[in-house]
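Some notes on the structure that comes next.
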Amino acid sequence: MSETFPGATTLTDSAAIPERQRLSFDLDADICVVGAGLAGLTVALEAARLGASVAVLEGRRVGWNASGHQLGTVMPGYDLAIGELIARVGFEDARELWSLSKQGADYVRSQASDELIPGLAMSEGVLEVSNVDAGEQLISRLQTLSEDFETEVEGWQVERVREALKTGRYFHGMYYPKAFQIDGRKYIHGLAALAQRAGARIFEDTPVVGIEPSGVRKRIVTPSARLRASHIVLAGNIHLGAPSKRLSETLLPVWRYAGVTAPLGDRLKEVVAFQGSVMDSDGTDHFRIVDGDRLMWASPETTWAMRPQRFAGAIARRIRTVFPALGQVEIAETFGGVMGLTVHGMPQIGELRRGLWVASGFGRQGMNASALAGQLITRSILWGDDRWRLFSPFELVWAGGAPGRVAGQLVGLWARGSSAAAGVRARYRERARASRNLSRK
Ligand SMILES: Cc1cc2nc3c(=O)[nH]c(=O)nc-3n(C[C@H](O)[C@H](O)[C@H](O)COP(=O)(O)OP(=O)(O)OC[C@H]3O[C@@H](n4cnc5c(N)ncnc54)[C@H](O)[C@@H]3O)c2cc1C
């Protein structure tokens, strides 16, 4: 497995996270889930609730990667933009897919209740802000989402965005009042506890090193034991490795890093008056206020593993660039993980061959998309519901291995560079308009 490094200190360092034993004896189950991230544990929880016997095999520890080191923003949609989704599969299927993503978000909301997983500090509302002055594009997206895709969303004019966020870098905004955020680093451990309570067995330190997927009862091999199951769900993200190397190679690994500032006191509310998550339209910055006066901020990405601590300075500089009025900020903790991005921007959800399932490629929208994957796959296995086929047009495309990773980084840089340039042009045009208006007065 390649390396990912959790932060020096994290909310999930607490002793409350139980260690689970490795699988050291042979076992039979209805469903074997490979990987205890968001995807694998949602499959396990749902399948156990529906009465199946489930074993989850995790090579390291529950949530050690992205699933336990993320910001916890939950909103509908995929990494693929809505217009491109419609162009790819047509209006009706795009509507269905969008509606599934809303169901995924609703699922997370229902698990994150105080009765099921307490202490997740849920709060409402997500604001997507544009780095460019593109009001017309925004209006057409708003119409599509609210009229055709039945999603609650409000358009915010530039002035309203800038009242909420004191920066000249953002223009219009789209506010999703029904989107929400929870403590993304704790949710995964709550899911694991719920799955166990429902009867699923979770084994840590148990890498799956081989599978034999033919036949009705499939064989799963680990270093210390064997398992037999009628269904195998591959939910290993980019680390899957031996069980299906070719599947891992359809994902482009992208490491994303985040930090939490030291308390900023009153200066924070003078600059950030919005309490929910904020994401910019470049996909660069993603932040929100936590603990009353600290900023949690995700931004840097690489296509190779690095220690999150190394990005503390970059995150602090990024915060100052966006909000110069905040002055110096100290980053008190850092964390990060690797996401698996697909070439087409849609997750991999479906049956590869009889009884062999895949749930991966969730990219930046892992919360809603892994939840919907868990529901779709278990309902198909246990009830014959075949809505996962809506994802079939999005093939498993080779992400290019090592050369592909290099190309990925270059393409990413190019895309970011060009949108950053567009942002600069938009701010320039705005200043030019303002000075024209002034000189007319
Ligand atoms: C900094 C950051 C912020 C993010 N913020 C958000 C956010 O706000 N909202 C959102 O929706 N998404 C967010 N994401 C994305 C989200 O975290 C991911 O999409 C999601 O966690 C992926 O879940 P997963 O289960 O597919 O993968 P993983 O979390 O990687 O889990 C896969 C597990 O499978 C195990 N495994 C792999 N191979 C094997 C094997 N052969 N045998 C046994 N076990 C194996 C691995 O050890 C691992 O534990 C963020 C990501 C990062 C890094």
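A simple spin-label model places the labels of residue 221 and residue 87 4.5 nm from each other, with each point 7 Å out along Cα-to-Cβ. A cut-off of 5 Å between modelled amide H atoms, ignoring neighbours fewer than 5 places along the same chain, links residue 304 with 255.
Applying D = kT/(6 pi eta Rh) to the chain, where Rh is the Kirkwood radius over alpha-carbon pairs, T corresponds to 25 °C and eta to 0.890 mPa s, the Stokes-Einstein value obtained is 109 µm²/s. Each residue of segment 261-266 was assigned a 3J(HN,Hα) from its phi angle through the Karplus expression (A = 6.51, B = -1.76, C = 1.60, θ = phi - 60°), giving 6, 5, x, 9, x, 5 Hz with x at Gly and Pro. Between residue 30 and residue 103, what FRET efficiency comes out of the Förster formula 1/(1 + (r/R0)^6) with R0 = 22 Å and r the beta carbon distance, rounded to 0.05? Efficiency at R0 = 22 Å is approximately 0.40. Ligands, DNA and RNA aside, residue 388 has an accessible area near 20 Å² when probed at 1.4 Å. Calculate log10 I(q)/I(0) of segment 112-206 for q = 0.14 Å⁻¹, where I(q) comes from the Debye formula with a single equal point scatterer on each Cα and nothing for solvent. Taken in order of the listed q values, log10 I(q)/I(0) reads -0.69.
With the Kirkwood sum run over all distinct C-alpha pairs, segment 300-410 has a hydrodynamic radius of 16.9 Å.
Rounded to the nearest 10 degrees, the angle from helix 401-440 to the longest Cα principal axis of the chain is 20 degrees. At the residue level, residue 269 shows approximately 130 square angstrom of accessible surface with a 1.4 angstrom probe and all protein chains present. Database remark: amide H of residue 294 closer than 5 angstrom to the amide H of 264 (H placed geometrically; neighbours at sequence offset of 5 or more, or on other chains; Pro and chain starts carry no H). Between residue 397 and residue 140, the contour length at 0.36 nm per residue exceeds the alpha carbon distance by 89.5 nm. To test your reading of the geometry: what angle, between 0 and 90 degrees and rounded to tens, separates the Cα axis of helix 38-49 from the longest principal axis of the chain? It works out to around 50 degrees.
Annotation: amide H of residue 332 within the under-5 Å range of 260, 261, 262, sequence separation 5 or more or interchain, hydrogens built in the peptide plane. Modelled this way, with points 7 Å down the Cα-to-C-beta line, the labels at residue 352 and residue 209 are 1.9 nm from one another.
Annotation: for a label point projected 7 angstrom from Cα along Cα→Cβ of residue 116, residues of segment 161-204 with backbone N closer than 20 Å are 178-202.
Whole-Hz Karplus values for segment 29-34 come out as 8, 6, 10, 10, 9, 9 Hz, taken residue by residue from phi with 6.51 cos²θ - 1.76 cosθ + 1.60 and θ = phi - 60°; glycine and proline positions read x.
Which value in deg cm²/dmol, rounded to the nearest 500, describes the helix-derived mean residue ellipticity at 222 nm for the chain, given -39,500 (n - 2.57) per DSSP H run of n ≥ 4 and division by the residue count? Kindly include the intermediate steps, with their values, before the conclusion.
Details: 11 runs with 150 residues, N = 441.
Computed mean residue ellipticity for the chain: -11000 deg cm²/dmol.
The values are calculated or read from the model by the stated rules, or taken from the named source; none is laboratory data. From a predicted model like this one, the values you see are computed outputs, not experimental measurements. With ideal geometry, Cβ positions are generated from the backbone for all residues, glycine too; neighbour counts draw on all protein chains shown. With ligands, DNA and RNA removed, areas are computed over all heavy atoms of the protein, side chains included. Shrake-Rupley method; radii C 1.70, N 1.55, O 1.52, S 1.80 Å.
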